[in-house]
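Accompanying notes for the structure given below.
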Amino acid sequence: MQQIYDLVIIGGGPGGIGATIEAKLLGLDKILIIERGNNHSQTIRKFYKDNKRVDKDYKGKVTELTGSIDFKDGTKESTLDYFDQLLDNDEIDTEFNSEVEKIKKDKDIFQIITARAGYMSKNVIIAIGTMGKPNKPDYKIPPSLRPRINFNLDKCSSSEKLLMVGGGNSAAEYAIELSKTNTVTLNYRRDKFNRLNEINEKIIYEYNGQEKLRLRMGTDIELLENDKGLVKVNFNDGYYTIYDRVIYAIGGTTPIDFLKLCGISFDKNSKPEFDDNFESKTKGLYLAGDIAVQSGGSIAIALNHARHIIEHILKQR
Ligand SMILES: Cc1cc2nc3c(=O)[nH]c(=O)nc-3n(C[C@H](O)[C@H](O)[C@H](O)COP(=O)(O)OP(=O)(O)OC[C@H]3O[C@@H](n4cnc5c(N)ncnc54)[C@H](O)[C@@H]3O)c2cc1C
């Protein structure tokens, strides 16, 4: 007989880890966490620069932690170590390298389907974040240039001439960090930043003033070409520049198709529907973390969602 879990958690980021730990502490016994990467916290691993400062009150948004996890300011590395410890301390079933493809509900039991296996559970939390599918530019990226084009910081090294594309906090934070070891230009298609938090905006202008990085505002990219193995970037102001690497940080999108396959409904503005307990229209199916936030998610917010959901699941028993 296949085991029926009390709770299956999809996504091993802060929301998923939070749910796992709170569930164990508050008395849910049979829990499984499924993560498509080869380890937990893929967003932190892939999108945070090494040694990046991690703020609990991210972007100045003060968030009181409501659960048992004592998450504090730190760095990328200390945050990953802390999550490692949390997961090590509890005996929790984990399935890494396993991407959930869809969820079906049959009577009161959910079937969670991955490429390799199927699992059954009474409750499911989807905590897959929004970084899984980074936005890509509309123009074509020549295949020969792909090794020199990034959508995260995976292959970045030092002493490269880099173009960072984007006007949000991720682009700014990448640019600030990378400019310490590389020559960085930050390109934003608008004349002014309008989505940066105060700290990032201040540092960006300071660095620009001190020529630690260069701003190229109000111009958009028209075309990328291969120039002797490097990236020739043609801008719409008629100029071009050659870079070792181009990094796009132009946001990520909610994986709507995946959520639909899981039985999540959407409102007329294409926002996933869930109530104050983060429960979707399908009873027992919850959304947590960035996927349940319009904008401005954070680790602390994801941990709080997790606590709230677990308390709600326990109340329904
Ligand atoms: C550059 C950058 C800097 C940031 N700095 C901070 C900061 O200093 N402080 C802070 O509080 N927040 C910061 N954030 C925001 C923070 O990282 C997010 O709010 C937080 O990670 C959200 O957690 P989550 O669990 O909802 O999603 P994620 O952390 O995105 O985790 C989702 C997980 O689900 C997995 N997954 C996705 N699809 C599937 C699937 N189908 N099957 C199985 N697994 C799947 C992914 O691999 C991933 O591991 C930053 C974000 C970025 C991009």
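State yes or no: is residue 208 in a helix (DSSP H, G or I), surrounded by 13 or more Cβ atoms within 10 Å (Cβ to Cβ), not assigned by TED's automatic domain parsing to the domain that holds residue 266 and not hydrophobic (A, V, I, L, M, F, W, C)?
For residue 208, the condition - in a helix (DSSP H, G or I), surrounded by 13 or more Cβ atoms within 10 Å (Cβ to Cβ), not assigned by TED's automatic domain parsing to the domain that holds residue 266 and not hydrophobic (A, V, I, L, M, F, W, C) - is met.
Keeping to the stretch 1-60, report how many residues are in contact with a Gly (Cβ under 6 Å, 6 or more places away or on another chain) and part of a helix (DSSP H, G or I).
Adding up the residues that qualify gives 3.
Any idea which of 257, 237 is within 12 Å of the ligand (Cβ to nearest atom) and surrounded by fewer than 17 Cβ atoms within 10 Å (Cβ to Cβ)?
Of 257, 237, the one residue that is within 12 Å of the ligand (Cβ to nearest atom) and surrounded by fewer than 17 Cβ atoms within 10 Å (Cβ to Cβ) is 257.
Can you tell me which residue in the stretch 2-43 is surrounded by the fewest Cβ atoms within 10 Å (Cβ to Cβ), limited to those that are β-branched (Val, Ile, Thr) and more than 6 Å from the ligand (Cβ to nearest atom)?
So, considering only residues that are β-branched (Val, Ile, Thr) and more than 6 Å from the ligand (Cβ to nearest atom), the one surrounded by the fewest Cβ atoms within 10 Å (Cβ to Cβ) is 4.
Scanning the stretch 113-130 for residues that are more than 24 Å from the chain's Cα centre (by Cα) and within 18 Å of residue 22 (Cα to Cα), which turns out surrounded by the most Cβ atoms within 10 Å (Cβ to Cβ)?
121
Name the single residue that is nearest to the ligand (Cβ to nearest atom) among those in the stretch 131-176 being crowded, with 16+ Cβ neighbours inside 10 Å and among the polar types (S, T, N, Q).
Looking at residues that are crowded, with 16+ Cβ neighbours inside 10 Å and among the polar types (S, T, N, Q), I get 170.
Can you confirm whether the stretch 272-285 contains a residue that is within 16 Å of the ligand (Cβ to nearest atom), of a type outside the set (Val, Ile, Thr) and part of a loop (DSSP other than H, G, I, E, B)?
Among the residues of the stretch 272-285, at least one is within 16 Å of the ligand (Cβ to nearest atom), of a type outside the set (Val, Ile, Thr) and part of a loop (DSSP other than H, G, I, E, B), which makes the answer yes.
Quick one: count up the residues across the stretch 293-312 that are near the ligand (Cβ under 8 Å from one of its atoms) and out of contact with any Gly (no Cβ under 7 Å at 6 or more places or on another chain).
Count: 5.
Quick one: residue 86 ticks every box in (1) in contact with a Leu (Cβ under 6 Å, 6 or more places away or on another chain); (2) aliphatic (A, V, I, L, M); (3) under 20 Å from residue 300 (Cβ atoms) bar one, so which box is it?
(1)
The values are calculated or read from the model by the stated rules, or taken from the named source; none is laboratory data. Everything numeric here is computed off the predicted structure, so don't read it as measured data. Note: ideal-geometry Cβ built from the backbone for every residue, glycine included; neighbour counts use all protein chains shown.
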